[in-house]
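Accompanying notes for the structure given below.
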Amino acid sequence: ALAMLREQAARTPRGQWVRVVGGWSRYQFEERRLPTLAEINEATGDVPTYVLHLYAMAWVNKAALRALGYTRHTTFPLGEVQLDAASGEPTGVLLAKPGALILYATLKHAPTLATAAEREDSTRRYYRELNRFGVTSAVDPGGGGQEFPTHYAAVRALAARRA
């Protein structure tokens, strides 16, 4: 899992983020454990990174904290942000307590791909990765700030072209 994060950080264009969204689970990976924030920071370096765990918590690395401007003076949306006991600064651990708004609000601040072509390419790659695992169809119930049809334009364009 950490090797995958490291590889993705190395190929992520400047100004973009590494995003692991949907349901990172310890059972998906050889290590059979969740990563530590220190490991995520080491693997991703200066590339802002957001890793979601089962819609219950997320880790954002130091680069993402800087990009977001999250400090001890930030008023956070509903949710819990773990703070360092000594400095009072956010550690990068976000908890969906009592709700997941903090997780979605944080992700919403990450930059989007600039062009429709980039969004379609990213979507095509996502579906190819699903196909690689034998998944031939999927349902996205939306949520987390995703709005139809705006945030699904790439999917619709690819479907219309049967691409």
### Message
Exactly one condition in (1) closer than 23 Å to Tyr126 by Cα; (2) touching a Ser or Thr at 6+ places or on another chain (Cβ under 6 Å) is false for Asp84; which is it?
### Response
(1)
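Looking only at residues in region 11-36 that are without any contact (Cβ under 8 Å) to a residue 24 or more places away in the chain and either assigned to a helix (DSSP H, G or I) or out of contact with any helix residue (DSSP H, G or I) (no Cβ under 8 Å at 6 or more places or on another chain) (or both), which one is surrounded by the most Cβ atoms within 10 Å (Cβ to Cβ)?
From region 11-36, those without any contact (Cβ under 8 Å) to a residue 24 or more places away in the chain are 11, 13-14, 26-27, 32-34, 36; that's our starting set.
Filter once more, keeping what is either assigned to a helix (DSSP H, G or I) or out of contact with any helix residue (DSSP H, G or I) (no Cβ under 8 Å at 6 or more places or on another chain) (or both): 11, 13-14, 26-27, 36.
On the way: Arg11: 8, Pro13: 10, Arg14: 6, Arg26: 13, Tyr27: 6, Thr36: 11.
The extreme case among them is Arg26.
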### Task
Could you tell me which residue of region 37-54 is nearest to Ser122 (Cα to Cα), considering only residues that are hydrophobic (A, V, I, L, M, F, W, C) and assigned to a loop (DSSP other than H, G, I, E, B)?
Val47
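We did not get these values from a lab; they are worked out from the coordinates using the rules stated. Source: prediction; values computed, not measured. Glycine also receives a Cβ, built like all others from the backbone with ideal geometry; neighbour counts cover every protein chain displayed.
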